[in-house]
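Have a look at the structure below before the remarks.
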Amino acid sequence: MDENTIEARPRATAVDAVQAVDGIPVASLRSVVSRLCLDYPGEDPVRIETVVLREWEAFSAGRPLVIPTAVEEGAREVLDLRYP
């Protein structure tokens, strides 16, 4: 399955797929875009994702709430190069 494919499902609200990280409600980008595509069927999915990403940047000021654990592993590799 293409990871960029948006799955159709019954109308959902943000609360349906929310988890909390450090007390802040979060949902995956894919689930947010999927719900918005269902709620705004006349909008281009690419535009919807662009709007969501723009809103994320405005909300977060570019600082992520969560990062993949692979990022920490990469940081350790870099730090190990300097501090063996």
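The values are calculated or read from the model by the stated rules, or taken from the named source; none is laboratory data. Keep in mind that what you see is a predicted model, and the values were worked out from it rather than measured. Positions of Cβ are backbone-derived with ideal geometry, glycine not excepted, and every protein chain shown enters the neighbour counts. Side chains are part of the model used for accessible areas, which takes the heavy atoms of the whole protein and leaves out ligands, DNA and RNA. Shrake-Rupley method; radii C 1.70, N 1.55, O 1.52, S 1.80 Å.
Can we say VAL46 is at pLDDT 85 or above, out of contact with any strand residue (DSSP E or B) (no Cβ under 9 Å at 6 or more places or on another chain) and of a type in the set (A, V, I, L, M)? Judged against the criteria, VAL46 is a match.
Applying a threshold of 8 Å to beta carbon distances and a minimum spacing of six or more residues, or different chains, the list of pairs starting in region 27-50 at a residue that is closer than 24 Å to ILE67 by Cα and of a type in the set (S, T, N, Q) and ending at one that is at pLDDT below 95 and open to solvent by 50 Å² or more (accessible area, probe 1.4 Å) reads SER34/ILE6; SER34/GLU7; SER34/ALA8; SER34/ARG9. The condition (being open to solvent by less than 70 Å² (accessible area, probe 1.4 Å) and at pLDDT 90 or above) is satisfied by just one residue among ASP80, ASP39: ASP39.
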